[in-house]
Amino acid sequence: MDRAPGIDHRRIFGIETEYGVSLTGGDGDCSAGQVAMAMFRSLVERNRSTNIYLSNGARLYLDVGSHPEYATAEALTPMDALIQDLAGERIMANLARQAGSILADRLGPGARVHVFKNNVDARGHSFGCHENYLLRRQVPLEMVRGQLVPFLVTRQLFTGAGRLGEDGFQLSQRADFLDEAVSSATTRARPMVNTRDEPHADPDRYRRLHVILGDSNRSQTVTWLKLATTHLVLGLIEEEVLAGRSIPFGDCALADPGAAMRSVSRDRNGRVPLDLEGGGTVSALDLQNRYWEACRAYIDDSGDQTGVGIPMVGKVLVLWRAALDALDAGRWEDLADWVDWAAKLRLLKGEEARGADPLKARRLDLDYHDIASGRSYGALVRHGMMRTLVDDHRIGEALRTPPQTTRARLRGNFVARAETTPLQWSCDWTRLVLQGNHRHEVRLMDPFAHESDEAYLAMMGELAQDRAVFDPV
Amino acid sequence: MPQEFSRLSSSARSGQEQTEEDTGTAGASARARTQDTSLDSVLDDIESTLEDNAEEYVKGFVQKGGE
């Protein structure tokens with residue numbers, strides 16, 4: 001395949017995770033809203049807001065429907081995005097601990113707070129884990145629908161977090177709750193890919209692809225792999241567009257992506273036929289094999305230009321291949337130490353062999369996602385039955401430290417310093433504002449730019465001065 | 001509800017048969033035994049948690065939706 005020379009393969013990654021909350025064991029009722037408010041109490045006292053940017057560059061807020069939500073800072077690699085997402089998990093667990101002691105005053109010492117990194121509650125309300133990918137503006141949305149959506153629909157073979165649904169166990173949490181494939185709304189209709197155009201960057205060059213159909217993952221490997229594989233598919237699409245071609249993966253547009261999503265979620269062998277828009281059928285495994293082959297060729301050609309990061313790029317292909325081969329051989333158990341749905345299914349089978357009733361099975365299905373009081377995921381890691389990629393120390397650092405290779409570095413350092421002064425300040429993804437002796441406003445329109453410019457240095461200088469007055473240590 | 005769990009069990013069982021057909025070497029069965037022991041340890045670890053407030057835990061998790 002001809003390569004267009006000089007293409008910029010870099011990408012910005014971000015993950016927004018909505019968490020579910022509940023409380024058990026209390027003397028009296030406590031709604032999700034009350035749990036969420038208790039989690040945010042200390043933050044509201046300090047910041048007078050439930051929408052906060054942190055010194056690691058992330059955004060922490062209370063979303064519609066009483067969901068605590070964590071949006072990672074801009075990351076330049078899937079690994080950086082994973083580490084930031086894990087920092088978010090730990091922040092939520094810490095807030096849950098605070099909420100637990102606040103609520104125990106009213107509800108007694110038995111009250112236990114639960115925070116679920118999953119995507120559906122007991123009544124079938126669904127909430128999301130949204131992936132953001134900075135995408136070159138030249139890619140037409142029709143190509144996203146025709147060439148990317150079939151990948152996203154079938155990647156649940158290894159990205160699904162598993163769910164005990166009304167009609168049995170299925171691979172995905174989200175499959176039953178999605179509507180159309182590509183749309184600009186999220187709360188009414190629930191599309192798989194959202195095109196609401198807020199690039200938080202130069203709109204002439206980029207759009208921000210907002211992928212909504214994915215599950216929240218506990219497996220570190222899968223969070224990383226789903227970003228890495230999606231990045232490779234997007235990279236290939238971008239190259240083809242810039243080279244004036246249009247269908248790197250062949251005619252793979254699905255006739256009904258929603259129906260396909262639900263079928264794939266119910267077939268752990270990946271073989272059920274999916275209707276193609278142009279006629280005929282294809283299986284999830286066939287589609288994934290087609291994407292894998294194309295991405296292998298892409299990596300062979302562009303090597304370390306893909307932005308995934310050597311040597312990790314080799315690992316992407318190996319893991320992805322291992323998943324497809326295991327399912328092709330009907331051996332999902334082989335994936336149980338890194339694919340969430342397989343890990344969960346192994347636990348459910350084990351419980352069943354011990355005579356567990358359906359209620360206990362449902363309890364286990366939820367416990368796997370409970371980052372505050374759950375036991376099963378941690379037990380799997382402890383007994384060597386779930387692989388991890390990131391050690392605790394790095395996660396601890398990411399609670400305070402922003403990614404160093406995007407504008408998140410500038411935002412995070414600003415927040416860290418501003419927090420120690422009595423000055424008025426504010427920020428969002430693209431802007432930092434400080435009201436000191438002068439009003440400073442620094443625009444951060446390029447997400448890749450992570451070096452201080454003159455305006456930024458002047459603002460940080462004033463903060464340093466003020467801190468010296470405020471806290472003369 | 002019992003139905004959905006029995007459906008889980010029938011498909012799970014067919015998966016297990018396939019594993020036994022495909023392997024059969026001494027190394028593989030030793031590995032399988034280690035895995036079984038670890039799985040037992042995990043299930044022992046979570047036993048009391050799963051029995052704790054099971055009904056409230058499962059039915060009391062209600063959000064209003066989001067996104």
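Values in this text are rule-based calculations from the coordinates and carry no lab data. Computed from a predicted model, the values in this text were never measured in an experiment. Methodologically, a virtual Cβ is constructed for each residue, glycine included, from the backbone with ideal geometry; neighbour enumeration extends over all protein chains shown.
List of remarks:
- Per-residue ellipticity at 222 nm, computed for chain A from helices alone with -39500 (n - 2.57) per DSSP H run of at least four residues, works out to -13000 deg cm²/dmol.
- For the protein assembly as shown, pairs of C-alpha atoms spaced more than 40 angstrom apart make up 24 percent of the total.
- Residues whose amide H lies under 5 Å from that of A:Leu254, counting only those 5 or more places away or on a different chain, are A:Glu277; hydrogens are built 1.01 Å from N in the peptide plane.
- Table column - 3J(HN,Hα) (Hz), the range B:41-49, Karplus curve with 6.51, -1.76, 1.60, x for Gly and Pro: 4, 4, 5, 4, 4, 9, 3, 5, 4
- Residues A:Arg106 and A:Gln435, FRET efficiency given R0 of 41 Å [Cβ-Cβ distance, rounded to 0.05]: 0.60
- Shown for A:Trp292, A:Trp341: other C-beta atoms within 10 Å of each C-beta, ranked fewest to most, produce the order A:Trp292, A:Trp341.
- Full extension of the chain between A:Glu397 and A:Glu166 yields a length gain of 79.0 nm, computed as 0.36 nm times the residue separation minus the alpha carbon distance.
- Per-residue extension of 0.36 nm, minus the Cα-Cα distance of A:Thr405 and A:Arg90, leaves a gain of 111.2 nm for this segment.
- Taking the fewest neighbouring Cβ atoms within 10 Å as the starting point, the ordered list for A:Cys129, A:Cys30 is A:Cys30, A:Cys129.
- Per residue convex hull volume, Cα atoms of the range A:380-473, in Å³: 132 Å³
- Per-residue extension of 0.36 nm, minus the Cα-Cα distance of A:Leu141 and A:Asn47, leaves a gain of 29.9 nm for this segment.
- Close amide H contacts of A:Gly26 (hydrogens built in the peptide plane, cut-off under 5 Å, sequence separation of 5 or more or a different chain): A:Arg112.
- In this calculation the C-beta distance from A:Asp275 to A:Asp328 is compared with R0 = 30 Å, giving a FRET efficiency of 0.90.
- Virtual paramagnetic centre 7 Å along Cα→Cβ of A:Asp202, amide N under 19 Å, in the range A:229-270: A:238-239, A:242-243
- Interchain or long-range residues, amide H under 5 Å from A:Asn118's placed H: A:Gly20
- Along the range A:148-157 the Karplus relation, 6.51 cos²θ - 1.76 cosθ + 1.60 evaluated at θ = phi - 60°, assigns HN-Hα couplings of 8, 4, x, 5, 5, 5, 9, 5, 4, 3 Hz to successive residues, with x for each Gly and Pro.
- Computed from backbone phi, the HN-Hα couplings of the range A:371-385 come to 7, 9, 10, x, 10, 5, 4, x, 5, 4, 5, 4, 8, x, 9 Hz, rounded to whole numbers (Karplus: 6.51 cos²θ - 1.76 cosθ + 1.60, θ = phi - 60°; Gly and Pro given as x).
- Each of A:Val44, A:Val21 has some number of other Cβ atoms within 10 Å of its Cβ, and from fewest to most they run A:Val44, A:Val21.
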